[in-house]
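Asks: Here it is, the structure in full.
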Amino acid sequence: MRDEMARRGQAAQFVCPALSPVPLEAIAQAEAVIAESNEQITVIGSSLGGHYATHLAEKFNLRAVLINPAVIIRLDASLFIGEHAHLHTGERFVFTEQHARDLQAMAVAHPPVERLWLLAETGDEVLDYRQAVAHYRGCRQTLLSGGDHSFTQFPQFVSQIIEFAGL
């Protein structure tokens, strides 16, 4: 995404902060980015980031692209309580019962489907894609066979995502 936007001369419009593993801190970080921008914003989130993107789209009237999103309203977040390692940095953190409650509190029961695009692969080994298809019923949906939780076909959708964002 970053490379394609740079190729199009839109590098300054790409913002991808490293978010805290603590849910309320992550949302505060994202909200700060939104508050600082004078541009039209489209949020893109994968997995838990899809949950955050839905919350932000609802709160700030934004467009969002949700990639194999976690549908917290349909998950038992308490199953994730315990110590984890950050996927990219390896940093250790403890997910608590309060974090699970915070995620539930920011769940959007009725997503703003007219501004959302769901991208999901049926081979997601972490989350049940059917939960996302049902929760985001009515929004633009692209459901692809196979793949995995990383959304293996992402590169083929970069240009379409940029167009969806109105850039």
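Asks: Kindly provide the set of residues from segment 127-167 that are in contact with a strand residue (DSSP E or B) (Cβ under 8 Å, 6 or more places away or on another chain) and in a helix (DSSP H, G or I), ordered by number.
Replies: Passing the criteria: 129, 132, 133, 154, 157, 161, 164.
Asks: In this structure, is residue 53 in contact with a helix residue (DSSP H, G or I) (Cβ under 9 Å, 6 or more places away or on another chain) and assigned to a helix (DSSP H, G or I)? Working first, answer last.
Replies: On the way: in contact with a helix residue (DSSP H, G or I) (Cβ under 9 Å, 6 or more places away or on another chain): yes; assigned to a helix (DSSP H, G or I): yes.
The answer is yes for residue 53.
Asks: Sticking with this one: Kindly provide the set of residues from segment 58-111 that are free of Cβ contacts under 8 Å to residues at least 24 places away in the same chain and in a loop (DSSP other than H, G, I, E, B), ordered by number.
Replies: 76, 81, 87, 90, 96, 110
Asks: Here's another thing I want to ask about it. Could you check segment 47-69 and list, in sequence order, the residues that are at pLDDT below 95 and among the hydroxyl-bearing types (Ser, Thr, Tyr)?
Replies: Correct list: 47 only.
Asks: Among (1) closer than 27 Å to residue 99 by Cα; (2) surrounded by 15 or more Cβ atoms within 10 Å (Cβ to Cβ), which single condition is residue 5 missing?
Replies: (1)
Asks: Here are 126, 133: which of them is farther than 30 Å from residue 40 by Cβ, within 16 Å of the chain's Cα centre (by Cα), surrounded by fewer than 17 Cβ atoms within 10 Å (Cβ to Cβ) and of a type outside the set (Ser, Thr, Tyr)?
Replies: Numbers: 133 fails: farther than 30 Å from residue 40 by Cβ.
Selected residue: 126, the only one of 126, 133 that is farther than 30 Å from residue 40 by Cβ, within 16 Å of the chain's Cα centre (by Cα), surrounded by fewer than 17 Cβ atoms within 10 Å (Cβ to Cβ) and of a type outside the set (Ser, Thr, Tyr).
Asks: Could you give me the residue pairs with C-beta distances under 8 Å whose first residue belongs to segment 3-24 and is closer than 21 Å to residue 107 by Cα and in a helix (DSSP H, G or I), whose second residue is at pLDDT 90 or above and among the aliphatic types (A, V, I, L, M) wherever it lies, and which are 6+ apart or on separate chains?
Replies: Correct list of pairs: 23/103; 23/106.
Per-residue answers, yes or no, for (1) more than 21 Å from residue 164 (Cβ to Cβ); (2) surrounded by fewer than 18 Cβ atoms within 10 Å (Cβ to Cβ); (3) β-branched (Val, Ile, Thr):
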| position | (1), (2), (3) |
| --- | --- |
| 46 | no, no, no |
| 49 | no, no, no |
| 52 | no, no, no |
| 75 | yes, no, no |
| 78 | yes, yes, no |
| 83 | yes, yes, no |
| 111 | no, no, no |
| 117 | no, no, no |
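Asks: Residue by residue through segment 27-44, note down the ones that are surrounded by fewer than 19 Cβ atoms within 10 Å (Cβ to Cβ), assigned to a helix (DSSP H, G or I) and touching a helix residue (DSSP H, G or I) at 6+ places or on another chain (Cβ under 7 Å).
Replies: The one that is surrounded by fewer than 19 Cβ atoms within 10 Å (Cβ to Cβ), assigned to a helix (DSSP H, G or I) and touching a helix residue (DSSP H, G or I) at 6+ places or on another chain (Cβ under 7 Å): 34.
Here is a yes/no grid of residues against (1) more than 15 Å from residue 27 (Cβ to Cβ); (2) hydrophobic (A, V, I, L, M, F, W, C):
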{"position": "74", "(1), (2)": "yes, no"}
{"position": "98", "(1), (2)": "no, no"}
{"position": "101", "(1), (2)": "no, no"}
{"position": "107", "(1), (2)": "no, yes"}
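The values are calculated or read from the model by the stated rules, or taken from the named source; none is laboratory data. All figures in this text were calculated on a predicted structure; none of them were measured in a lab. Counting neighbours? That spans all protein chains shown, and the Cβs are built from the backbone with ideal geometry, glycine included.
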